[in-house]
Amino acid sequence: MDKTEKIRCLNDAFRTSFVGGRVMLTLGIRSKTEHEVTEILERVLNFNDFNKGNDPYQEHDFGKFEHKGEKIIWKIDYYDKSLRYGSEDASDETITTRVLTVMTADEW
């Protein structure tokens, strides 16, 4: 398995379970009702609309969709274990902490 495949597998495992990293919700998401937040998070968990436009490196680290007419974006970033710096190797889960941020498009 090459690095891109490994990153994609790690990203998919994290995004579809929210286990193995941190999930951050921006103020725009947190200000919604509990029901709406649940709906949005379910859409992130089940997201599978990857294409060249939103996934040019085939890492499955970004997605967007509409929820009640509003554009929602999610993005996975890679940090070192202390969350101070970017990870030196996103394919190495022993040195990488994944952070998935869910936001409204206007917060991007």
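Glu42 satisfies every condition listed in (1) in contact with a helix residue (DSSP H, G or I) (Cβ under 8 Å, 6 or more places away or on another chain); (2) within 15 Å of Ile72 (Cβ to Cβ); (3) open to solvent by 60 Å² or more (accessible area, probe 1.4 Å) except (1).
Find the strands (runs of 3 or more DSSP E) located wholly in the range 1-89 whose residues include 3 or more that are closer than 15 Å to Ala105 by Cβ, and list them. Ranges flagged: 62-67, 70-79. When the range 24-71 is filtered for residues that are among the small types (Gly, Ala, Ser) and modelled with pLDDT of 95 or more, the ones remaining, listed by number, are Gly28, Ser31, Gly63, Gly69. If you check Ile73, Ile95 for being without any contact (Cβ under 8 Å) to a residue 40 or more places away in the chain and within 10 Å of the chain's Cα centre (by Cα), only one passes: Ile73. Restricting the range 90-108 to residues that are in a strand (DSSP E or B), under 18 Å from Arg15 (Cβ atoms) and of a type in the set (Val, Ile, Thr), the residue that is least open to solvent (accessible area, probe 1.4 Å) is Val102. The single residue among Lys64, Lys68 that is more than 17 Å from Arg22 (Cβ to Cβ) and surrounded by fewer than 15 Cβ atoms within 10 Å (Cβ to Cβ) turns out to be Lys68. Considering the conditions (1) open to solvent by 60 Å² or more (accessible area, probe 1.4 Å); (2) out of contact with any Asp or Glu (no Cβ under 9 Å at 6 or more places or on another chain), Leu27 is excluded by exactly one of them, (2). Against the list (1) out of contact with any Lys or Arg (no Cβ under 9 Å at 6 or more places or on another chain); (2) open to solvent by 60 Å² or more (accessible area, probe 1.4 Å); (3) in contact (Cβ under 8 Å) with a residue 12 or more places away in the chain; (4) of a type in the set (Lys, Arg), the condition Arg8 fails is (2).
The values are calculated or read from the model by the stated rules, or taken from the named source; none is laboratory data. Here the structure is a predicted model, which means the values were calculated and not measured. With ideal geometry, Cβ positions are generated from the backbone for all residues, glycine too; neighbour counts draw on all protein chains shown. We work out accessible area using only protein heavy atoms, side chains counted, and drop any ligands, DNA or RNA first. Shrake-Rupley method; radii C 1.70, N 1.55, O 1.52, S 1.80 Å.
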